[in-house]
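This report concerns only the one structure given below.
Rule-based calculations on the coordinates, nothing more; no lab input. Every value quoted in this text rests on a predicted model; they were computed, and no experiment measured them. Methodologically, a virtual Cβ is constructed for each residue, glycine included, from the backbone with ideal geometry; neighbour enumeration extends over all protein chains shown.
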Amino acid sequence: MEVIGKSKAHVVLDSCLQESSEYFSDHLRILKCNPYCKNIEYLAERDIYQWTFMADDPRSNPIIALFFVKQNLEHLPPESELLAQYANSGNIEIDKSRGGKLIRWSAAEDTPDLDITSKNTFIGTAGAEICLLHHTDNKTSVHYETSITVDFKVPFPLNMMPEMVLKFLTETIMSQIMQHATESMLCKVQSDICCIDSAIVAGGELK
């Protein structure tokens, strides 16, 4: 059964666009802030990262998920539609003349062959968009949106449930776990950058 989990959040950092983008471009440092990420390995020969995530299933059995991710950094020009979309999403003044930065994590195409012997270990796909916008007051807005997909075999007696019901429940739980991890990660980032305002907005919308 294939399940998809998603999370979305927005945070303001007390650092300029350049400093913030350099921080978020440090893949290893960012992922280490995620409480469910147990290991990150850079596979230089493929220019990708291997994530090892661990969480407990509803019966407290450990589940290990492996992801292979490619990272790209893009500049968003002032006329970018994505920049305009985020710039109009809250009650903040964005300096559009500076443009923005977009860090994109996508599922790697060239991945190593792994011999998975554990029934509790799965290979999934992960992706994220981290959009950074410069404020007129020299702060940075960070819009973080991510999703993961895992295909796993449903054990007994859970496989007795209707698949649509089980899929809905599983995706809800997975998204809740991911949202918690996202907010925890961004709190750690704010702490590292010594932010004054530590509020994080779940769902990516400013209030």
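Listed values, structure above:
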item: Rounded to the nearest 20 debye, dipole of the chain from Cβ charges on Lys, Arg, Asp, Glu; result: 480 debye
item: Relative contact order for the chain, counting Cα pairs under 8 Å that sit 6 or more residues apart, in percent; result: 35 percent
item: Within a Gaussian network of the chain (alpha carbon springs, distance under 10 Å), most fluctuating of Ser21, Ser118, Ser106; result: Ser118
item: Using a Förster distance of 45 Å, the FRET efficiency for Glu163-Ser191 (Cβ separation, nearest 0.05); result: 0.60
item: Spin-label model distance (nm) - Leu114 vs Ser60, 7 Å beyond Cα toward Cβ; result: 2.6 nm
item: Selection from Ile40, Leu73, Thr136 lying farthest towards where the dipole of the chain points positive, charges on Cβ; result: Ile40
item: Under 5 Å, built H, 5+ apart or other chain: amide partners of Lys38; result: Thr52, Phe53, Met54
item: Potential lengthening between Ala107 and Leu82 on full extension [0.36 nm per residue; Cα-Cα distance subtracted]; result: 6.9 nm
item: Glu74-Glu22 pseudo-label distance in nm [points 7 Å out on the Cα-to-Cβ vector]; result: 2.4 nm
item: In degrees, nearest ten, helix 163-193 long axis to first principal axis of the chain (Cα); result: 40 degrees
item: Within the chain, helix-based [θ] at 222 nm, where runs of 4 or more DSSP H residues each add -39,500 (n - 2.57), nearest 500; result: -8000 deg cm²/dmol
item: Amide H within-cut-off set for Leu76, under 5 Å, with H built and near neighbours excluded; result: Gly100, Lys101, Leu102
item: In the chain, lysine pairs closer than 17 Å at Cα, eight or more apart or cross-chain; result: 11
